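Peer 1: Can you read through this structure? Questions will come right after.
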Amino acid sequence: MRIAIFTLMRLGPSLAYAIASIFILSMPLLESYPSSASAWWLHMTILPVMREPIYLLLAVPGVGIWSAMVLLVLASIFGIRVALQPQRHHRSGFIHAHVALFATGLAMGRAAVAQAGLSDVAMPQLQRGDWSFLPLSYSPLGAFLFISVLAACICCHLTIIKRVISA
């Protein structure tokens, strides 16, 4: 039972990478079907959680939508292998989980302060405004992803501590 719980906890980063690939898939879906309510729902549900990490990934020169999606799917599949065989992949599991933690933490931090407004510097005569269009300060999906990835990181740290003590 304990092994099954730890395996489920280690699957958190794979879930984060899979949701990121679904977000990337929602972009061409919206392009093809802009009037589809389900395409908009999918995109707007994942947008607060994955906007920053995906846009940073797509800003890398040479990374397009399809190559980013393949990269994230491969990261998700690799995470499943790491979760099922943690004794073989100590360092790579640690890196895999912490990259996902950094991405979800970045998304949660940016979601809490995401706003658009007028700049003081550009137009001082106009009043600053907050034109936020998404309720970003609380995202249940983002909170769930962050907690599940954090649990995977804690599992990695416990594994490392256990190896150091037994050595």
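Peer 1: Over what distance in Å are the Cα centres of the range 2-16 and the range 147-166 separated?
Peer 2: Answer, in whole Å: 12.
Peer 1: Ok, one more. So what does log10 I(q)/I(0) come out to for the range 57-109 at q = 0.19, 0.29 Å⁻¹, using the Debye formula with one equal point on every Cα and no solvent?
Peer 2: -0.76, -1.08
Peer 1: Also, quick follow-up: Sorting ILE54, ILE80 by accessible area (1.4 Å probe), largest first, what list results?
Peer 2: Solvent-accessible surface, decreasing: ILE80, ILE54.
Peer 1: Please list 154-161, 17-24 highest first by mean number of surrounding beta-carbon atoms within 10 Å per residue.
Peer 2: In descending order of packing, they fall as 17-24, 154-161.
Peer 1: Still on this structure, please answer the following. With θ set to phi - 60° and the Karplus curve 6.51 cos²θ - 1.76 cosθ + 1.60, what are the ³J(HN,Hα) couplings of the range 44-56 in order, to the nearest whole Hz, using x for Gly and Pro?
Peer 2: 6, 6, 8, 3, x, 8, 10, 4, 5, x, 6, 5, 5
Peer 1: Another question, if that's okay. In Å, what is the Rg of the alpha-carbon atoms in the range 30-73, and how long is Dmax?
Peer 2: 11.7, 32
Peer 1: Mind checking the full-extension length gain between GLN85 and PHE144? Use 0.36 nm per residue of separation minus the Cα-Cα distance, one decimal, nm.
Peer 2: That works out to 18.9 nm of additional length.
Peer 1: Over the alpha carbons of the range 1-92, what is the largest minus smallest coordinate on each principal axis, giving the biggest first in Å?
Peer 2: Principal extents (Cα only, largest first): 46, 31, 18 Å.
The values are calculated or read from the model by the stated rules, or taken from the named source; none is laboratory data. Note that the structure is a prediction, hence the values are computed from the model and not measured. Heads up, the Cβs are rebuilt from the backbone with ideal geometry, glycines too, and the neighbour counts pull from every protein chain shown. Please note that ligands, DNA and RNA were not included when accessible areas were found on the heavy atoms of the full protein model with its side chains. Shrake-Rupley method; radii C 1.70, N 1.55, O 1.52, S 1.80 Å.
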